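Note sheet for the following structure.
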Amino acid sequence: MSMKTEELSALIKQQLANYQDDLSVDEVGTVTYVGDGIARAQGLENAMANELLQFSNGSYGMAQNLETDDVGIIILGEFDNIREGDQVKRTGRIMEVPVGDGMIGRVVNALGQPVDGMGPIASDKTRPIESPAPGVMQRQSVFEPLQTGLKAIDSLVPIGRGQRELIIGDRKTGKTSIAIDTILNQKGQNMICIYVAIGQKESTVRTQVETLRKYGAMDYTIVLTAGPSEPAPMLYIAPYAGSAMGEEFMYNGKHVLIIFDDLSKQATSYREISLLLRRPPGREAYPGDIFYTHSRLLERSAKLSDALGGGSMTALPVIETQAGDLSAYIPTNVISITDGQIFLQSDLFYAGTRPAIDAGSSVSRVGGDAQIKAMKKVAGTLRLDLASFRELEAFTQFGSDLDAATQAKLNRGRRTVEVLKQPLHQPLPVEKQVLILYALTHGFLDPVPVDDIASFESGLFDYFDSNAADLEKTIATTGDLPDTDKLDAAMKAFAAGFQAPSATSNTTAATN
Amino acid sequence: MIPMALTNRDVAPRYGRSTFEVAQSQQGEQQTFDELAQVQSVLADNPQLLQVLEAANVSPEDKQKLLDNVKQALSPLVSNLIQMLFDYGRIGALPLVITDYNARFKAAQGIIDATVTTAVTLSDAQVESLGQAIATRFGGKTAQLQQIVDPTVLGGVKIMSQNQIIDGTVSTKLKKLSAALLAE
């Protein structure tokens with residue numbers, strides 16, 4: 001491929017025409033201290049809070065502490081070759097990240113630069129990472145459902161578009177799995193997902209990206225990662241950068257789901273920065289503004305009014321607890337900021353109840369309004385049933401003689417727990433969830449042995465897909481339960497023909 | 001900020017300001033400035049002097065003798081300043097106090113300090129007009145230029161003053177030009 005000389009010179013001429021021969025005037029300061037990703041500089045008298053500054057080695061920094069005679073700077077990048085006495089320059093800009101459609105399907109770092117080796121990102125738009133949250137008049141109440149595809153969440157702790165629902169639990173209780181499954185279920189739901197991995201192992205992030213890619217979820221997902229090997233400021237700014245990317249879609253009338261995985265690590269990195277900047281430590285050595293750090297972040301997720309296009313940003317922050325301690329500083333803070341929490345318990349997880357959602361301590365403060373009618377009808381009493389089952393179960397551990405009513409309650413409870421179990425990466429559409437919950441609450445599952453519930457469930461779905469697809473369609477389109485006589489008839493027809501696999505294997509074993 | 005032990009950098013402005021105000025009331029700013037410049041050059045010529053004055057293993061009497069030598073031929077104000085810094089164990093802050101005094105003196109006199117980097121030595125007329133331009137730009141009366149000759153800037157002039165850099169050198173322009181051409 002050769003380019004003609006004339007073309008080349010025409011191109012250069014055009015570029016030269018745009019080149020402006022200005023004197024460059026810079027305001028500078030002198031680095032007086034550097035270490036641990038923090039620098040202090042004298043000078044820079046007019047520096048603004050959060051202004052982007054450039055060091056002489058090309059690294060950028062963010063002005064954090066503006067003091068009487070120096071400026072505390074967090075360094076976003078290489079700081080090994082910054083020396084005392086180096087110059088640091090004002091840029092007059094505040095920290096921005098690229099936003100827009102070009103980001104979708106990419107894996108980027110906290111500065112919005114691609115890290116997936118798929119070339120530069122085609123984006124000419126940027127947004128400041130910190131921006132004020134929508135005000136009272138710019139919002140409306142949450143009314144559309146966000147289907148996570150998990151029976152236990154959509155029935156017990158429903159989430160609406162624009163809600164902030166906390167996912168909280170000990171390590172290894174399936175917090176990230178809930179988040180990833182929720183992303184997988186947004187396929188074809190007109191939703192853009194942003195997965196912000198804060199301090200997650202690079203190998204874990206790689207695995208998640210591969211999972212998302214395998215299920216075709218990268219077509220509508222942005223993954224933003226700030227790994228544990230990156231300096232603390234990157235971890236600190238990552239959720240704000242993710243929110244900025246989400247806001248661009250939200251303010252254009254689209255629906256966004258953003259997951260912060262996890263905010264405990266962001267709090268820890270902010271604590272590190274604050275202590276190094278010599279801000280006074282408070283409880284658990286977190287700085288005084290740690291609450292504001294999270295509240296201003298989560299407040300940016302909202303359901304916008306119709307005048308602003310009606311876009312929404314749903315946030316699923318993740319918090320890791322230590323030994324189930326919900327009363328630690330960061331968990332209590334974030335619980336009070338969010339509109340509810342999904343509490344995952346390690347005991348349940350190891351007992352095989354997965355997702356390990358503790359129905360008693362999990363709540364959703366606004367999502368109920370966003371549930372479809374059919375779901376409301378079938379799941380209305382589920383929470384109470386579960387609660388009374390847990391109570392009875394503990395009570396009857398020692399007794400043997402039970403009256404029929406108690407026995408029935410226990411049976412129903414065991415089946416409820418079984419129905420709410422769900423394998424990894426298999427989100428269910430809402431109509432199917434309604435079907436199985438309908439079967440449960442109307443007693444169709446009572447004669448089925450607990451071990452066979454899973455095969456009954458899959459059989460039921462197959463049966464409806466082939467014999468009563470119109471009923472499923474009614475639920476999906478109208479959101480209401482179809483004619484209950486028809487539904488009951490179809491259920492009965494399937495239940496009558498259902499052969500429990502454990503029963504058959506038992507009989508074959510007996511004949512042998 | 002949590003109160004911590006005051007560093008020399010913290011206390012220097014206090015001494016500097018007091019010295020300047022006393023000098024002002026005695027109308028001896030210029031004289032004090034000149035004398036402090038002498039002290040500064042003495043300190044620069046004898047780097048060990050401050051080390052000895054701050055050393056723990058030298059007796060106070062010996063230090064005092066040394067100090068008396070320095071104080072000779074100085075006005076009462078400057079010699080009192082040095083004695084006071086020594087008595088309060090702040091003799092290490094002396095260079096910073098002098099810097100602070102100089103800054104105050106120059107601000108009051110409208111003198112602008114500037115560092116000028118050029119590829120070739122400037123003629124006197126050029127220095128004169130450049131100094132005038134710098135003084136107007138930074139809102140002072142006169143400018144004191146420190147000249148640096150650096151052939152790598154190729155041409156033009158780079159001015160550093162008051163935490164600002166005004167860069168009109170050919171090397172910077174070439175850098176910007178190459179960045180603009182490579183950006184596409």
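The values are calculated or read from the model by the stated rules, or taken from the named source; none is laboratory data. Keep in mind that what you see is a predicted model, and the values were worked out from it rather than measured. Every residue, glycine among them, receives a Cβ derived from its backbone with ideal geometry; neighbour counts consider all protein chains shown.
Values as computed for the structure displayed
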item: Whichever residue in the stretch A:8-52 is of a type in the set (D, E, K, R) and more than 9 Å from every other protein chain (Cβ to nearest Cβ) and, among such residues, is nearest to the chain's Cα centre (by Cα); result: A:Glu51
item: First in the stretch B:42-62 and outside any helix (DSSP H, G or I), second anywhere and surrounded by 11 or more Cβ atoms within 10 Å (Cβ to Cβ), Cβ under 7 Å, 6 or more apart; result: B:Val58/B:Val52
item: Pick from the stretch B:164-184, criterion closer than 16 Å to B:Ile148 by Cβ and facing chain A (nearest Cβ under 8 Å), ranking: surrounded by the most Cβ atoms within 10 Å (Cβ to Cβ); result: B:Asp167
item: Among the candidates A:Gly61, A:Gly37, A:Gly29, residue that is closer than 20 Å to B:Thr172 by Cβ and either surrounded by 16 or more Cβ atoms within 10 Å (Cβ to Cβ) or among the small types (Gly, Ala, Ser) (or both); result: A:Gly29
item: Listing of helices (runs of 4 or more DSSP H) fully contained in the stretch A:139-214 that carry 2 or more residues being among the hydroxyl-bearing types (Ser, Thr, Tyr); result: A:175-184, A:202-214
item: Qualifying residue in the stretch B:15-27 (condition: part of a loop (DSSP other than H, G, I, E, B) and either at pLDDT 90 or above or away from chain A (no Cβ under 14 Å) (or both)); result: yes
item: Failed criterion for A:Pro134 (all others in (1) modelled with pLDDT of 95 or more; (2) part of a helix (DSSP H, G or I) hold); result: (2)
item: Close pairs from the stretch B:136-157: first loosely packed, with under 14 Cβ neighbours inside 10 Å, partner in a loop (DSSP other than H, G, I, E, B) and of a type in the set (Ser, Thr, Tyr), Cβ under 6 Å, at least 6 apart; result: B:Val149/B:Thr121
item: Pick from the stretch A:53-71, criterion touching a strand residue (DSSP E or B) at 6+ places or on another chain (Cβ under 9 Å) and at the interface with another protein chain (Cβ under 10 Å from one of its Cβ atoms), ranking: modelled with the highest pLDDT; result: A:Asn65
item: Residue match in the stretch A:399-408 (condition: in contact with a Leu (Cβ under 8 Å, 6 or more places away or on another chain) and either over 20 Å from A:Asp181 (Cα atoms) or among the β-branched types (Val, Ile, Thr) (or both)); result: yes
item: Test: residue in the stretch B:128-136 that is small (Gly, Ala, Ser), modelled with pLDDT of 90 or more and closer than 23 Å to B:Ala23 by Cβ; result: no
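Yes/no matrix, rows are residues, columns are (1) surrounded by fewer than 16 Cβ atoms within 10 Å (Cβ to Cβ); (2) out of contact with any Phe, Trp or Tyr (no Cβ under 6 Å at 6 or more places or on another chain); (3) over 30 Å from A:Gly72 (Cβ atoms); (4) of a type in the set (Val, Ile, Thr):
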position: B:Val11; (1), (2), (3), (4): no, yes, no, yes
position: B:Ala23; (1), (2), (3), (4): no, yes, yes, no
position: B:Asp34; (1), (2), (3), (4): yes, yes, yes, no
position: B:Ala56; (1), (2), (3), (4): yes, yes, yes, no
position: B:Lys65; (1), (2), (3), (4): yes, yes, yes, no
position: B:Pro76; (1), (2), (3), (4): yes, yes, yes, no
position: B:Asn80; (1), (2), (3), (4): yes, yes, yes, no
position: B:Phe86; (1), (2), (3), (4): no, yes, yes, no
position: B:Asp100; (1), (2), (3), (4): no, yes, no, no
